[in-house]
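Report on the structure given below.
The values are calculated or read from the model by the stated rules, or taken from the named source; none is laboratory data. For clarity, every value in this text was computed on a predicted model and none was experimentally measured. Cβ sites come from the backbone with ideal geometry, for glycine too, and all protein chains shown count toward neighbours.
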Amino acid sequence: MLPHIRLTTTSLAAIALVASPAIAQQDIPSAQPQNGTVYVGEGQLPQPAPTAPAQTAPAPTSTPGGTVFQSSPTVQTVPTDYFATAPAWTQGQAEALLGYIANLGNEGLFPADYTPAELEAAISAGDGEQLNEVATRIFTMVALDLRDGRTEMDSRRQWFVRDPDAERLPIKPLLEEALTTGDIIAALDSLNPVHPDYAVLKQMLMETPESETEKRDKIRINMDRWRWLARDLGRSYLLTNVPEYQLRLTVNDKIVRSYRTIVGKPGRTSTPQLAETVEGVIFNPTWTVPQSIVVGEGLGAKVLNNPSYAKAKNYKAWKNESGMTVVVQQPGPTNSLGMMKLDMPNPHAIFLHDTPAKNLFDTDNRAYSHGCIRTDRALELALTLAMVLGEVPKEEAVEISKSGKYTKVPLKKEIPVYITYFTMAQDIDGEMRSFADIYGRDEPVLASFKAPRVAKDGRRVTDEEVVAIENPGL
């Protein structure tokens with residue numbers, strides 16, 4: 001029986017309006033300075049080579065459906081955080097920075113990390129080169145941690161999200177504008193995450209007594225995790241919080257639908273943290289069984305030698321040109337991927353999909369999978385995306401889902417999907433809650449907080465091994 005799509009017409013229209021090709025993972029310039037570059041700050045982006053002037057975009061045109069803004073090829077420089085010479089500061093601007101540092105505890109950071117005594121000494125020495133260099137360096141340290149997070153990359157376990165904020169919010173022009181306007185505080189505040197959870201966590205931290213160390217630590221850990229993501233996640237996106245076992249479809253910071261999830265078992269099959277783009281919806285997927293099961297568990301021989309078993313499990317098997325046995329489970333209600341999967345290409349082979357074992361959604365602790373995200377009411381989600389973002393008429397989408405045939409529906413408006421890990425967050429009902437640290441990922445972050453601050457080294461994702469998930473399991 002097909003699910004009843006309970007999204008209102010207004011909600012569907014909102015999703016369609018705000019969804020756009022997502023910038024989830026980008027090609028990031030190498031974080032290596034060019035020869036001869038003089039800069040103030042930590043390992044960041046190189047100065048760009050000279051480029052041609054940007055072309056002027058065509059004027060917008062009016063249509064019966066509204067104004068259409070046409071785009072044209074644009075050659076742009078890569079934003080950089082490097083300075084050939086430290087810009088000039090006044091003592092008043094440096095004092096504003098010093099005051100900001102004193103209040104960084106409210107942002108879950110640690111004022112002592114930013115050497116306030118050194119800045120104070122430079123202010124006392126008066127305007128000049130020393131003040132310029134010290135204030136610029138300390139401003140850069142504060143801005144980096146507000147924008148990218150204090151936690152060094154080695155302590156972000158299984159964190160493969162490439163944060164685009166270094167390109168979107170480069171520090172050099174931010175500081176130059178702040179020194180021009182004189183508003184140092186506003187410049188730094190502009191780097192804070194805009195997601196409502198961050199503001200709620202910040203308020204909780206301010207209201208939590210210093211004596212409640214464990215609670216304050218947990219708040220800080222999860223405030224920093226918001227900085228590891230893009231400052232602005234977009235107006236329309238899918239977000240799943242692994243320890244919460246929930247997926248939400250969010251529009252304008254409002255959850256319009258939520259779905260229970262099953263995530264990876266702790267250990268080698270734990271679910272990594274990713275930011276990807278959903279490019280399409282696959283109805284009635286096939287499952288190509290990995291060789292670790294075909295050979296290692298003897299499934300290939302069993303399917304080839306037992307036709308009745310193969311038929312009952314909906315398997316087809318053959319030997320390819322190299323003699324390797326290939327086993328593919330055909331579409332159907334018993335398929336390990338269920339009736340749908342989201343097409344979100346990534347090297348981890350992680351995706352959201354249906355499952356025939358729906359009884360597992362009724363359990364509380366749902367860390368059963370081999371890494372992928374099994375989604376409750378998955379067909380409802382698939383139909384919603386196909387209709388709203390794939391622009392497939394409802395009757396056609398339902399017919400495709402019922403056909404029993406493998407069908408990929410590309411999304412004309414792609415949508416970002418964030419696989420996150422928050423042990424303190426607002427739940428789907430808007431209540432701030434703590435969640436079990438099922439993968440033990442809080443402790444490394446806390447340890448990094450208790451250690452001296454580590455200068456940024458230019459890395460944007462963890463160096464941990466990428467383990468492609470072979471078996472979605474049941």
Report task. Working only within region 313-328, note down all residues that are within 23 Å of I400 (Cα to Cα) and touching a Lys or Arg at 6+ places or on another chain (Cβ under 7 Å). Result -> V328
Query - Flag if A468 is within 21 Å of K341 (Cβ to Cβ), surrounded by fewer than 16 Cβ atoms within 10 Å (Cβ to Cβ) and aliphatic (A, V, I, L, M) - result: yes
Requested in this report: Can you give me the ranges of the helices (runs of 4 or more DSSP H) entirely in region 180-232 with at least 2 residues that are surrounded by fewer than 18 Cβ atoms within 10 Å (Cβ to Cβ) and touching a residue at least 60 places away in the same chain (Cβ under 8 Å)?
Outcome: 196-207
Report task. For region 252-265, state whether one or more residues are of a type in the set (S, T, Y), at pLDDT 95 or above and either buried (at least 23 other Cβ atoms within 10 Å of the Cβ) or at positive phi (or both). Result -> yes
Requested in this report: Return yes or no: is Y418 surrounded by fewer than 14 Cβ atoms within 10 Å (Cβ to Cβ), touching a strand residue (DSSP E or B) at 6+ places or on another chain (Cβ under 8 Å) and of a type in the set (F, W, Y)?
Outcome: no
Requested in this report: Kindly indicate the residue of region 276-312 that is modelled with pLDDT of 95 or more and touching a Lys or Arg at 6+ places or on another chain (Cβ under 7 Å) and also nearest to D343 (Cα to Cα) among those meeting that condition.
Outcome: G280
**Report entry** P345, sole failed condition from (1) surrounded by 21 or more Cβ atoms within 10 Å (Cβ to Cβ); (2) of a type outside the set (S, T, Y); (3) under 22 Å from the mean Cα position of the chain (by Cα)
**Finding:** (1)
Query raised in the report: What are the pairs, 6+ residues apart or on separate chains, where a residue within region 87-116 that is touching a residue at least 12 places away in the same chain (Cβ under 8 Å) and at positive phi has its Cβ under 8 Å from a residue that is of a type in the set (V, I, T) and not in a loop (DSSP other than H, G, I, E, B)?
Result: G108/I219; T115/I138
